[in-house]
There are 4 protein chains.
Amino acid sequence: MYETQVKVRFCETDALGHINNTSYFIYFEEARIQFFEKMGSPMNIKKWEYIVASTKCDFLAQAYFNQVLNIKTFIEKVGNKSFTISHEITDSQTGTLIAKGEAVIVYFNFDTQKSELLPDAVKQFLQSHIASV
Amino acid sequence: MYETQVKVRFCETDALGHINNTSYFIYFEEARIQFFEKMGSPMNIKKWEYIVASTKCDFLAQAYFNQVLNIKTFIEKVGNKSFTISHEITDSQTGTLIAKGEAVIVYFNFDTQKSELLPDAVKQFLQSHIASV
Amino acid sequence: MYETQVKVRFCETDALGHINNTSYFIYFEEARIQFFEKMGSPMNIKKWEYIVASTKCDFLAQAYFNQVLNIKTFIEKVGNKSFTISHEITDSQTGTLIAKGEAVIVYFNFDTQKSELLPDAVKQFLQSHIASV
Amino acid sequence: MYETQVKVRFCETDALGHINNTSYFIYFEEARIQFFEKMGSPMNIKKWEYIVASTKCDFLAQAYFNQVLNIKTFIEKVGNKSFTISHEITDSQTGTLIAKGEAVIVYFNFDTQKSELLPDAVKQFLQSHIASV
């Protein structure tokens, strides 16, 4: 499990007064990339190795400007060429569950534009972060 | 079924050269709101009646700056207090399937902060747009 | 002069109920790129020839979700390696002035990462769009 | 002077590989709001007291994904109903100047939709942060 925090920016809210639904995917991307960095993945666009195949978010409570959100990141499943990563967003003070998200990430070669087998080292790192472990 | 088009903006791309995953949810929101407008829903924030409970996107092909995307919107399911709306994004010239999305929308009273029963007129409109009809 | 329209998206508003200040720069970018396209500039990232050196916006009236904005684009000044482009955003129905913007654009070679002299054809096109002409 | 840092998010870049010009205004807004918070301004939308009248950015060097940016915030000028705030963005490691920004902020009553005189306490706080002091 990997944990990080974001503070809601003004421009991430919308006219309903709460965080716009599209902003949650910014937070998931942010948490995911910090997780990749922790994994030792190069933070270099020219060597980028991952592409999002699918992503979703369940919105459980509204959240607001300037709120500090806690994001927990888990690995759900590790396949041969892809893995499923999940996130849980809670209010950092009360612990109230705000959103749950998930993404399927494919190991992808941007030069050949084809998916590839996950390297063993990556697979092992991911497996050691499986939610239930 | 409701159909609309968007042209990909420069700032909706990312350093990988393609549309960033978060931008697709902007397109779904745009298509959804045009559908609400067609339904006769007031385009007035103070009378806003809907909240997103869940949303997802499957990314099937990458898309790029300045590409014209066709978005088809369908209703999948109509419940008592919520409904499921889906979208299919294709390239407007070649018809290549780029993304499929879905959202669960709850009929919501922002004054009381509670969900409510969908009005009959809305239910009927939604049912007449069920995908298989 | 070049003219285009945008309809304000939900996610471009903020919790104050109006369009967030950052969204206006999305509209300016959109108008600018349509102007580049009209000029015959390749809409191809790998051949991209322009970089923004400076940009500003004066906010004269608030604008809101779903409002249709009219954007007029002018050329203010043409230099040897750069030019100044300006925009005027009005409400498409009432004509109320909402925002005025400006950007200094440099003719830029992304391979060498250096500015270059504006080609004569570009200069002529730009000069024919000078505001006062 | 107030100082803060942001780490560039993936979705804040564009297909040219660098930070999109619109994203800098997100950073300025972020720095400005942290400055307001330090000033004791309520971080509550319903009591919000400020509106942006004008903003600009000079882009001096490109910046990239995952770069840590240092943002210094200064007060330039204090008027009766408005003030000018400025920002300087540098690379947090090398100190390279990346962007300079400025915004004119009006003390604004969102209920009456009219500007008002800056309270004395706010004026004093602002004056004590004038750049040259």
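Projected over every direction and averaged, the convex hull enclosing the alpha-carbon atoms of the protein assembly as shown yields 26.5 nm². For D:G79, inter-copy separations between label points set 7 Å beyond Cα along the Cβ vector come to 2.7, 5.2, 5.8 nm, shortest first. For chain C, the average shadow cast by the Cα convex hull is 8.5 nm², which is a quarter of the hull's surface. Build a GNM of chain B with springs between Cα atoms under 10 Å apart, and of B:K123, B:K72, B:K38 the one that fluctuates most is B:K38.
For A:M1, C:M43, the sequence from fewest to most other C-beta atoms within 10 Å is A:M1, C:M43. Counting pairwise Cα distances across the range C:1-64, what percent come out greater than 18 angstrom? Roughly 47 percent, once rounded to a whole number.
Students often get this wrong, so check it: of C:K72/C:K123; D:K72/D:K123; D:K46/D:K114; C:K7/C:K47; B:K46/D:K81, which have C-alpha atoms separated by over 22 Å? Violating the 22 Å Cα-Cα cut-off are C:K7/C:K47; B:K46/D:K81. Given the range A:83-133, what whole percent of its Cα pairs are spread farther than 17 Å? Considering the range A:83-133, 55 percent of its Cα-Cα pairs are separated by more than 17 Å. The long axis of helix A:21-38 is offset from the longest Cα principal axis of chain A by roughly 40 degrees. Placing a pseudo-label 7 Å from each Cα along the Cα-to-Cβ vector at B:L97 and D:T96 gives an inter-label distance of 4.4 nm.
Highest GNM mean-square fluctuation among A:T84, A:T55, A:T94, for chain A modelled with Cα contacts below 10 Å: A:T94. Per-residue ellipticity at 222 nm, computed for the protein assembly as shown from helices alone with -39500 (n - 2.57) per DSSP H run of at least four residues, works out to -6000 deg cm²/dmol. Take every pair of alpha-carbon atoms less than 8 Å apart whose residues are at least six positions apart; their mean separation over the length of the range A:1-85 yields a relative contact order of 50 percent. For the range C:19-97 and the range D:1-58, write down the distance between their C-alpha centroids in whole Å. Centre-to-centre (Cα) distance: 21 Å. Under the simplified labelling scheme, the B:E3-A:M1 pair shows an inter-label distance of 4.9 nm, with each label point 7 Å from Cα along Cα→Cβ.
Only the coordinates and a few stated rules stand behind these numbers; no lab work does. No experiment lies behind these values; they were computed from the predicted model shown. When we count neighbours, we look across all protein chains shown, and the Cβ atoms used for this are built from the backbone with ideal geometry, even at glycine.
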